[in-house]
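The values are calculated or read from the model by the stated rules, or taken from the named source; none is laboratory data. None of the values given here were measured: they were computed from a predicted structure. Reconstructed Cβ throughout: ideal geometry from the backbone, glycine too, with neighbour counts over all protein chains shown. Heavy atoms of the whole protein, side chains included, go into the accessibility calculation; ligands, DNA and RNA do not. Shrake-Rupley method; radii C 1.70, N 1.55, O 1.52, S 1.80 Å.
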Amino acid sequence: MGDNQQMYSLTPAGLVQSLRAPLSVIECELLVVPWFEGEEPSSVPGLDAASGGEVARALASREFSGKPFECFGATIGDRGWRARRLLLVGAGPAADCGAEMLRKVAAAAGLSVRARRVERAAFALRGSGDDIERAQAAAEGLVLAQFNVGGYKTGDVPAPLLPAWTVVAGDGTDESRLRSAVERGRLLGECSNLAKGLANEPGNTLTPREFAARASAIAADGGAAVEVLDEHQIERLGMGLLLGVGRGSSEPPRLMVFRHEPPGAPAGPVLGLVGKGITFDTGGISIKHADGMERMKSDMSGGAAVAAAMRAIARLGAPIRVVGIVPAAENMPGGRAIRPGDILTSASGKT
């Protein structure tokens, strides 16, 4: 992998765990509780009293109302509770807070807790629907909030403090299924962050060759088989379209092939994933407008998503065969760049 591995380093194992217990016994610096619009202070037994009436006061004064992603913090003074501080996060109407909404609420909570530089936090599962589904969504949202966009910042920029999270479910939840759901959510969030880390890289560091090296390492780490074809192999296969796109650049193209073929998987159907991997797209001879050109570094986001998805699929042991294809090239103007009207021949022989 490249010199900037820290930009998309893997989430430390065990950063998000699960627990089935009453909220009062959760030992953490900060307890996060999703709160619904229109809820009474007594909705979570003992919570208002533990905060010295701060929950009721905030609701009565409309300082906090439970609207989506609002945050309200208070101290927990009751020594019968193990958490020291409380953070309420608005989750909107209770009937609308299924897994998808809870994922967003958890991400908002994660960002807020990161800003508070808390080391240990807990997230209470609340909302409609199945506890197991919500546990996965919450874990995914918490991990998504760990993504760091400031990897290239220099100077006195403190490294982000990533809290250790505990996802807390009620006593009626199956503990084994809860643990599996949280681990699955953690993995999906982690893979999403890996894809975002690649997509966030500038075009001068993430050339097609570097993209292939990093994406291959991500997929292989999950257990997917990886094959990377260089420009000579691509040419022997007659892939004139891919060669044509990259012809104006001094950076040669690459073709990544990822495979997940678990033992015992049926011969078909085979799931195919194809992701665009243009590491920078100037438009070539038909050059794009300067306004917004810097965003063309993300023209490889589809390829990053495929590499990260192959990692997740292999780690989760999906019981089907999957093939991921990512053609990578840099589209630049130059003396060898293709011209509008040029005829290229594809690998299938079609012009």
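Could you identify the single residue in Arg79, Arg85 that is within 21 Å of Pro22 (Cα to Cα), of a type outside the set (A, V, I, L, M) and in contact with a Ser or Thr (Cβ under 8 Å, 6 or more places away or on another chain)?
Arg85
Across the stretch 186-224, what is the total count of residues that are within 17 Å of Glu251 (Cα to Cα), open to solvent by less than 50 Å² (accessible area, probe 1.4 Å) and part of a loop (DSSP other than H, G, I, E, B)?
Total meeting the criteria: 6.
Could you list, in sequence order, all residues of the stretch 50-82 that are free of Cβ contacts under 8 Å to residues at least 40 places away in the same chain, β-branched (Val, Ile, Thr) and open to solvent by less than 60 Å² (accessible area, probe 1.4 Å)?
The one that is free of Cβ contacts under 8 Å to residues at least 40 places away in the same chain, β-branched (Val, Ile, Thr) and open to solvent by less than 60 Å² (accessible area, probe 1.4 Å): Val55.
Can you confirm whether the stretch 33-53 contains a residue that is under 18 Å from Ala109 (Cα atoms) and of a type in the set (S, T, N, Q)?
So far as the stretch 33-53 goes, no, none of its residues is under 18 Å from Ala109 (Cα atoms) and of a type in the set (S, T, N, Q).
Going by the conditions given, is Val270 modelled with pLDDT of 95 or more, surrounded by fewer than 18 Cβ atoms within 10 Å (Cβ to Cβ) and of a type outside the set (Phe, Trp, Tyr)?
Values: modelled with pLDDT of 95 or more: yes; surrounded by fewer than 18 Cβ atoms within 10 Å (Cβ to Cβ): yes; of a type outside the set (Phe, Trp, Tyr): yes.
Here the answer is yes, as Val270 does meet what is asked.
Given Glu140, Glu175, Glu100, which one is over 29 Å from Pro41 (Cβ atoms) and either at pLDDT 95 or above or under 16 Å from the mean Cα position of the chain (by Cα) (or both)?
Glu140
Tally up the residues in the stretch 2-41 that are modelled with pLDDT under 65 and on the phi > 0 side of the Ramachandran plot, please.
Residues that pass the stated criteria total 1.
Kindly indicate which of Glu183, Glu227 is open to solvent by 60 Å² or more (accessible area, probe 1.4 Å) and within 19 Å of Gly302 (Cα to Cα).
Glu227
When the stretch 110-145 is examined, which residues are found to be part of a helix (DSSP H, G or I) and open to solvent by 10 Å² or more (accessible area, probe 1.4 Å)?
Quick first cut of the stretch 110-145, residues part of a helix (DSSP H, G or I) only: 110-115, 131-144.
Answer for the stretch 110-145, where residues must be part of a helix (DSSP H, G or I) and open to solvent by 10 Å² or more (accessible area, probe 1.4 Å): Leu111, Ser112, Arg114, Ala115, Asp131, Ile132, Glu133, Arg134, Gln136, Glu140, Leu144.
Of (1) modelled with pLDDT under 95; (2) assigned to a helix (DSSP H, G or I); (3) in contact with a Gly (Cβ under 8 Å, 6 or more places away or on another chain), Val157 satisfies all except one. Which?
(2)
Of the residues Ser298, Ser286, Ser346, which single one is hydroxyl-bearing (Ser, Thr, Tyr), in contact (Cβ under 8 Å) with a residue 12 or more places away in the chain and assigned to a helix (DSSP H, G or I)? Explain how you work it out, then say what you get.
Values: Ser286 fails: assigned to a helix (DSSP H, G or I); Ser346 fails: assigned to a helix (DSSP H, G or I).
Selected residue: Ser298, the only one of Ser298, Ser286, Ser346 that is hydroxyl-bearing (Ser, Thr, Tyr), in contact (Cβ under 8 Å) with a residue 12 or more places away in the chain and assigned to a helix (DSSP H, G or I).
Return the only residue of Arg339, Arg311, Arg315 being at pLDDT below 95 and more than 18 Å from Glu251 (Cβ to Cβ).
One residue alone meets the criteria, Arg339.
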